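These notes are about the structure you will find just below.
The values are calculated or read from the model by the stated rules, or taken from the named source; none is laboratory data. Note that the structure is a prediction, hence the values are computed from the model and not measured. Glycine gets a Cβ as well: all are built from the backbone with ideal geometry, and neighbour counts include every protein chain shown.
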Amino acid sequence: MLSRRQRLVYFRISEEEFNDFRSKCEEEGARSISDLVRSAVKRLIADGGRRSHEQDVAVRVERLEKLIAEVSAQLQFLAAHNANQRFPTENVNGSWSVQSHTPEFTLDERPDTA
């Protein structure tokens, strides 16, 4: 059921805007420019909450991307640091020797698992 409309809103538009509104009324099947504008403003108000949520999500994604970049940089530092470490290794004859550890891959190059 349509609620009784008691308030009136006026605003001025150019002739070009008026023609655009009238064309849009025909496209959308609106009974009048008033109906078109009313429904557009209602949509704008309703979408305001969604836009705010989308902005919150965008901020969170940006924070996550920064954290991922920081962790990646730290991992690359640790990988480079560990590449210079020397570790005891058991030889084939059972004796032990100290050898440099060289990683088989970097963080950017993963070994083939296929």
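Give just the number: which of (1) modelled with pLDDT of 90 or more; (2) part of a helix (DSSP H, G or I); (3) not small (Gly, Ala, Ser) does Lys42 not satisfy?
Every condition holds for Lys42 apart from (1).
Checking Arg31 against (1) under 30 Å from Gln6 (Cβ atoms); (2) in a helix (DSSP H, G or I); (3) of a type outside the set (Val, Ile, Thr), only one condition comes out false. Which one?
Every condition holds for Arg31 apart from (2).
Applying the selection to segment 59-85, what residues are out of contact with any Ser or Thr (no Cβ under 9 Å at 6 or more places or on another chain), at pLDDT below 85 and surrounded by 10 or more Cβ atoms within 10 Å (Cβ to Cβ)? Please lay out each step first, then the result.
First pass over segment 59-85, keeping only residues out of contact with any Ser or Thr (no Cβ under 9 Å at 6 or more places or on another chain): 59-75, 77-78, 81-82.
Now drop any that are not at pLDDT below 85, which leaves 77-78, 81-82.
Residues satisfying the conditions are Phe77, Leu78, Asn82.
All but one of (1) surrounded by 10 or more Cβ atoms within 10 Å (Cβ to Cβ); (2) modelled with pLDDT of 75 or more hold for Glu27, so report the exception by its number.
Exception for Glu27: condition (1).
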